[in-house]
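Report on the structure given below.
The values are calculated or read from the model by the stated rules, or taken from the named source; none is laboratory data. All values derive from a computational prediction rather than experimental measurement. Please note: Cβ atoms are built from the backbone with ideal geometry, for glycine as well, and neighbour counts cover all protein chains shown. Surface accessibility is based on the protein's heavy atoms, side chains included, excluding ligands, DNA and RNA. Shrake-Rupley method; radii C 1.70, N 1.55, O 1.52, S 1.80 Å.
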Amino acid sequence: MNIYQQYTECIEENLKLKPKDWFFKSDPRYNYVLEHVSKNEGEQYLDLVIDEFPEFFSNHKDLILELCEKNDTFGKTKGEQFDKLVCGYPLRFSPTNMRYLYQSLLILDKMQKFGLKEIDILEIGGGYGGLCLFLMEISKALESVKIKSYSITDLWQAKSLQNLYLEAHGIRLAQIYYKNSFLISNYAFSELPPTIRNNYETHVINPYCSHGFLAWNGCDFYEFVKSKSISREKERPETHSRNEYVTFEPKR
């Protein structure tokens, strides 16, 4: 049994349980794919939030704590203490929260710079829905971009878990794709085999997505989207030497 079979096996076992009994976030079969951000990496993500989004960090610390606590409610999270966030209180959060926090702020910042006011989001490979949770809640607080709908395309096991996980947090995913959506795929699309990537390009990305943000890894970069202006920058923090943040928008 390969690692992805073990991953889906773990999810299927959790789908038979009530949310309060989920254990996937502390299961090694699941951790190879998700919930494996180290404490050191989590601290680097938090430092980037403080450095690049100081006003948000100062004004919305209560929201950050609430989101981390909310995301850690289900799945038996393995927590660490982040002194710059909890200020000495004995609170422990999954380091993955710090990645979701930073990348959510990056994505919303890109949306603003693209001049987007309202947007439908289409995510390829959504994990258990953590990034969706952070994006939805932070966008409401900032009131800079209104997320009209959020859809995720993934393995059926992951999609089932995403629907249940997000419904437990009061979020209902869209079950269809909308034209001119904003594509997100963080450490997912670029890890797929070429044949599956080609299928996504033909049937999902090019027909439905006008803008996007991807955390690119797993394969060398190539122009995966047509007739778009593509920008690339090094991943922050650098978790692998060839990882990048890739954004695209219509050519002007």
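Once you reduce the range 54-90 and the range 129-148 to the center of their Cα atoms, the two points are 17 Å from each other. In the range 76-155, the alpha-carbon atoms span a convex hull of 105 Å³ per residue. For residue 195 and residue 118, the difference between the fully extended length at 0.36 nm per residue and the C-alpha to C-alpha distance is 24.5 nm.
Across the range 137-142, rounded Karplus estimates of 3J(HN,Hα) from the backbone phi angles (6.51 cos²θ - 1.76 cosθ + 1.60, θ = phi - 60°) give 6, 5, 5, 5, 5, 7 Hz, Gly and Pro being marked x.
Among 78-86, 215-223, the peptide with the highest mean count of other Cβ atoms within 10 Å heads the list, and the full ranking is 78-86, 215-223. For the chain, the relative contact order works out to 15 percent when only alpha carbon pairs closer than 8 Å and six or more residues apart are counted. Between the alpha-carbon centres of the range 204-228 and the range 176-202 there is a gap of 7 Å.
The listed peptides 168-176, 10-18, ordered by packing as a protection proxy, come out as 10-18, 168-176 (highest mean of other Cβ atoms within 10 Å first). Here the gap between residue 167 and residue 47, fully extended at 0.36 nm per residue and compared with their Cα-Cα distance, gives a gain of 40.1 nm. When the surface is traced with a 1.4 Å probe over the full set of protein chains, residue 196 keeps roughly 70 Å² accessible. Computed from the C-beta positions of residue 176 and residue 6 and an R0 of 22 Å, the FRET efficiency is 0.10 to the nearest 0.05. R0 = 25 Å: FRET efficiency of residue 87 with residue 236, Cβ-based, nearest 0.05? Computed FRET efficiency for residue 87 and residue 236: 0.55. Take 229-235, 109-115, 148-154 and order them by the average number of nearby Cβ atoms within 10 Å per residue, most first; the result is 148-154, 109-115, 229-235.
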